[in-house]
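Report on the structure given below.
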Amino acid sequence: MPDPIFLAPNRFVDSDHPAIVAFARDHGGGMPPREAAVALYHAIRDGWRYNPWRVGFALEDYAASSVLLRDRAAGGHCIDKANLLAACVRSLGIPSRLHFANVRNHIGTARLEELLGTDLLVYHGYAELWLGERWVAATPAFNRSLCEHLGVAPLDFDGVNDSVFQEFDPRGGRFMEYVTDHGSHAGIPYDAMIAAWMTHYPALMARGWREEAEEPDRSG
């Protein structure tokens, strides 16, 4: 059994928040752990569109309950959605943790790469859930309609096999490449993440990420 820290609520994975508890029960309550985790994965993957522009810098922006209670039309980025999944399953008694890595996006939008100044996505996040006596990776970032727009199959999750990013697109081109691993955490390593963004994206951090104009939403 993993360390109890992966079952305990914290300021980011606030699994004891009433809204988190209610959402988790609505979508996974009364199910065996694996089935509950899969149901919550799909509810979060497709219930919030992937929005890499909605990135805040304040601590309160990163509570799972904050993601849940905001306007869903605004969507969420990879950390938002992974953290929400981790909090929801944790509220049902399933240990969870967050894993972070730098990834290279080979089909990133030109607009995003222009603003970042690179195709390197620093501190991409996904969840790891304790199922079947082992950690299983789950990445609910890209919603189905966005994947269809990009011409890739939506990343599925069965509670048994790791679900990370698609390595290749349907034409055999590389989609996502993991570059630097930042390990697993009980919550969000906020200070380290912000420091890394300051290093890699200094101009964008100075302007304010959330103040940038969003691209038209073609993902549904």
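Identify, by number, the condition in (1) modelled with pLDDT of 95 or more; (2) buried (at least 19 other Cβ atoms within 10 Å of the Cβ) that N51 doesn't meet.
(1)
List the helices (runs of 4 or more DSSP H) inside segment 1-75, counting only whole elements, that have at least 2 residues being more than 30 Å from A195 (Cα to Cα).
18-28, 33-47
What tally of residues in segment 16-44 results from selecting those that are closer than 17 Å to R97 by Cα and of a type in the set (K, R)?
The total comes to 1.
Here are the criteria: (1) surrounded by fewer than 17 Cβ atoms within 10 Å (Cβ to Cβ); (2) among the hydroxyl-bearing types (S, T, Y); (3) within 18 Å of the chain's Cα centre (by Cα). Tell me which single one Y123 does not satisfy.
With (1) surrounded by fewer than 17 Cβ atoms within 10 Å (Cβ to Cβ); (2) among the hydroxyl-bearing types (S, T, Y); (3) within 18 Å of the chain's Cα centre (by Cα) applied to Y123, the lone miss is (1).
Checking the conditions here, which among Y50, Y41 is under 23 Å from L7 (Cβ atoms) and either in contact with a Phe, Trp or Tyr (Cβ under 7 Å, 6 or more places away or on another chain) or among the hydrophobic types (A, V, I, L, M, F, W, C) (or both)?
On inspection, the qualifying residue turns out to be Y41.
The values are calculated or read from the model by the stated rules, or taken from the named source; none is laboratory data. All values derive from a computational prediction rather than experimental measurement. Every residue, glycine as well, gets a Cβ built from its backbone with ideal geometry; the counts of neighbours run over all protein chains shown.
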